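Let me begin by presenting the structure, written as structure tokens, before commenting on it.
The values are calculated or read from the model by the stated rules, or taken from the named source; none is laboratory data. Bear in mind that the values here come from a model prediction, so they are computed numbers and not experimental data. When we count neighbours, we look across all protein chains shown, and the Cβ atoms used for this are built from the backbone with ideal geometry, even at glycine.
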Amino acid sequence: MAKRRKRKKTGFWAGLSPRGRMYFVLMICFALVLLTSIAALAAVHGMAEGQTEPAASEPLVENPDYNKDENTIDASQYTSTILMESEDAGQSYIDETLFLGDSNTARMRMFGFCTLDNSAASVGMAASALADYACVKFDGYSGYKTMPEAVALMQPRRVIITFGTNDLTPSLTTERFISEYQAGIEAVQQAYPSVDIIINAIPPIGRQHAGEHLTQTQIDQFNKAIVQMCVAHDWKFLNSAEVLRDPETGYAKDGYVIQSDGIHLTEEAIGVLFDYIRTHSYITEDDRPALTDIPEHLSDKDVSATTAATVITSQPSAPTAAPSSEAPEPTQEPTPEPTPEEIEYTYWSEVIQPTCTEQGYTIYHCNEDPGLDYTDNYVEALGHTEPNASGQCDRCGAQLTEVATPAPTEPPAPTEAPAPTEAPAPTEAPAPESTGTESEQTGPDSSAEQQSEPAEPAENTETPTE
């Protein structure tokens, strides 16, 4: 009987040594652990769950006590501050204007009404962050720039600033809101003094809206205070809320805010807003210094790359009338209205910790549409600690006691007691001795002279007697 030959096994596994097989198994186990960790992290951030839009976690609410006539703005009292109706300034007016703001400004760009060349937006940004929050990215510059720094780099003829929606909370007083907003606007003005400043009204919200802390009453209060701030600082106020709100209810008109949250403006509303901007223009003499090279605006923090990609242009001169008129067309095909019903939105949360001077809050970022981002869970600012020996806050390092610094500078004034050292000047009165101030010199010096003089007359008297 023939002996059967064993067939030699071939293949990847057979070619491995026992030690190699052990390492291979360990690598597979490590890969599985890594994948499991990533999946768990995604679940924590809400990216792996089929979580629907904000209404699922935060139901829409109403504010039944709202009185639309309580904080109305009487435009006749502010004719030199509120921009009145004008002739259509055209697309060139839009191209020469830089739009600064939060998610609604990002939506202006998303729908093609402005571009990266004439806008800077940050989703979830509050007015209190205008001066210091670095969120604008430019080609050739490391890190992000603040909006005031961006204005200086982009050198626009005018800016239209729209903030306030993300500041709405019962704990924030109107006075504090205006104080923080004013500081940010002044930072813009200082960064580029030639720019004309226009402050846009906070847009109205829907009767039903996400966020129990949001009220149309506070929006009206803030807008009325913004007008008065503009009067005090010679800034212009764009009263765009008058075309966005329903005169019967005081809330946003039907179809002007998305149904999912009742907060963010729809494409239709932004179209109406830009018509209003062009027909309530503010055109002054262009006194800007010679323009320098303007760096390319690449992106904004907190605005997704997909949104930015819809408006990025390769040529710096892109914001002309022709391309801007073409831009809305592709975005009009997928109208925003059916979007909430056709797309299932997913969110991930970002917790912004409170600082000494700024509130903390949670931003819910929408993966599909950054214009649907929203904030809640507001936390009061921590406040400064007691001043340390140097007069600074131990938490943030802010200088709290400015009086302590001048005090030590005053001691030098006493040490300027070189004034006594100037006394030698009077003691240089020997000069007056030679000039003959005899009334003062009749003391010691005159007695010495009298002792020498009698000796001479003594000699003189003796000679005649001889």
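Only residues that are within 24 Å of Ile363 (Cα to Cα), in a loop (DSSP other than H, G, I, E, B) and of a type outside the set (Val, Ile, Thr): list them for segment 148-181, please.
Scanning segment 148-181 gives Phe163, Gly164, Leu168, Pro170, Ser171, Leu172.
Give me a count of the residues in segment 252-277 that are touching a Gly at 6+ places or on another chain (Cβ under 7 Å) and either closer than 17 Å to Arg109 by Cβ or free of Cβ contacts under 8 Å to residues at least 60 places away in the same chain (or both).
5
So is Ala120 under 30 Å from Ser80 (Cα atoms) and in a helix (DSSP H, G or I) or not?
no
Does Gln208 meet the test of being at pLDDT below 95, out of contact with any Ser or Thr (no Cβ under 8 Å at 6 or more places or on another chain) and of a type in the set (S, T, N, Q)?
On the way: at pLDDT below 95: yes; out of contact with any Ser or Thr (no Cβ under 8 Å at 6 or more places or on another chain): yes; of a type in the set (S, T, N, Q): yes.
In short, yes.
Quick check: anything in segment 161-176 within 14 Å of the chain's Cα centre (by Cα), farther than 19 Å from Leu98 by Cβ and of a type in the set (D, E, K, R)?
yes
Would you please list the contacts, defined by Cβ atoms under 8 Å and residues six or more apart or on different chains, that run from a residue in segment 69-83 that is within 14 Å of Ile226 (Cβ to Cβ) to a residue that is of a type in the set (Ser, Thr, Tyr)?
Asn71/Thr217; Leu83/Ser281; Leu83/Tyr282
Checking Asp246 against (1) touching a helix residue (DSSP H, G or I) at 6+ places or on another chain (Cβ under 9 Å); (2) farther than 18 Å from Phe177 by Cα, which single condition isn't satisfied?
(1)
Out of all the residues in segment 67-112, which are buried (at least 17 other Cβ atoms within 10 Å of the Cβ), of a type in the set (S, T, N, Q) and more than 24 Å from Asp300 (Cβ to Cβ)?
Across segment 67-112, the qualifying residues are Asn71, Thr81.
Leu153 passes all but one of (1) out of contact with any helix residue (DSSP H, G or I) (no Cβ under 8 Å at 6 or more places or on another chain); (2) farther than 26 Å from Thr284 by Cα; which number fails?
Failed condition: (2).
Under 9 Å by Cβ, and 6 or more places apart or on different chains, what pairs join a residue from segment 157-184 that is closer than 16 Å to Val195 by Cβ with one that is among the polar types (S, T, N, Q) and part of a loop (DSSP other than H, G, I, E, B)?
Arg157/Ser194; Arg157/Thr284; Arg158/Thr284; Thr162/Ser240
Taking Pro319 and the conditions (1) of a type outside the set (Val, Ile, Thr); (2) touching a helix residue (DSSP H, G or I) at 6+ places or on another chain (Cβ under 6 Å); (3) modelled with pLDDT of 50 or more; (4) in a loop (DSSP other than H, G, I, E, B), which numbered condition does it fall short on, given that it satisfies the others?
Only one criterion in (1) of a type outside the set (Val, Ile, Thr); (2) touching a helix residue (DSSP H, G or I) at 6+ places or on another chain (Cβ under 6 Å); (3) modelled with pLDDT of 50 or more; (4) in a loop (DSSP other than H, G, I, E, B) is unmet by Pro319, namely (3).
Could you list, in sequence order, the residues of segment 164-191 that are surrounded by fewer than 21 Cβ atoms within 10 Å (Cβ to Cβ) and among the hydroxyl-bearing types (Ser, Thr, Tyr)?
Within segment 164-191, Thr169, Ser171, Thr173, Thr174, Ser179 qualify.
Please specify each residue of segment 123-147 satisfying the condition of being in contact (Cβ under 8 Å) with a residue 12 or more places away in the chain and not in a loop (DSSP other than H, G, I, E, B).
The answer is Ala127, Ser128, Ala129, Ala134, Cys135, Val136, Lys137, Phe138, Tyr144, Thr146, Met147.
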